[in-house]
Amino acid sequence: MSVSDIRGFLEILSKIGMIGSMKSSQNIPKIVSWIAITLGVLDILRGIIHTLLLNLAATSIAGLDLSTPQAFDLLRLMGVFGISNYITGAALILTGWKARELALILLGLIPAAYLVGGLATRFYSAGFPQTQANWGGLPMMLVYLAVSSLTFMYGIWKRGS
């Protein structure tokens, strides 16, 4: 990927109104920043749960069976996911605090990324037996994604008015 490819991508985003379409973020409601920061803090907490409290999260929240030979693999995958939670959390906090327009974009990208990942997981795991795990964190994640999506749509709507 070259610099001209990146420049072209940014020009496309600018033309469709995602970035650079205003001199400040005053058209974007402050609630976008507050929700980005709140979800960022939640992501940091999720990172802590997925890394520092890994065994507790795996057994008590996700309901994973760690008595199988795959236990190490399951824990590693959960831990790596926790690392990405730290990164997402920091990005949401920083953009919510310093760059509301970018926070709005992140609030739209996160559910889109989860949708792509969820569809890919469903597609590639179709031939395997259904999970026996509890996945206790799923209801909270659905709320997280709904709040993120609704805030993104609200921010885009208010920005256009």
Output the Cα-based Rg and Dmax of the chain in Å, rounding Rg to one decimal and Dmax to a whole number.
18.3, 57
Collect residues whose amide H, placed 1.01 Å from N in the peptide plane, falls under 5 Å from the amide H of Asn134; neighbours closer than 5 in sequence don't count.
Gly63, Leu64
Mind putting together the pair-distance distribution for segment 109-161? All Cα pairs, 5 Å bins, whole percent per bin, short to long.
4, 16, 17, 23, 16, 10, 6, 4, 2, 1
Given R₀ = 25 Å, FRET efficiency for Tyr124-Leu56 by Cβ-Cβ distance, to 0.05?
0.30
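FYI, it's all coordinate maths here, none of it is from the lab. From a predicted model like this one, the values you see are computed outputs, not experimental measurements. So basically every Cβ, Gly included, is an ideal-geometry build from the backbone, and we count neighbours across all protein chains shown.
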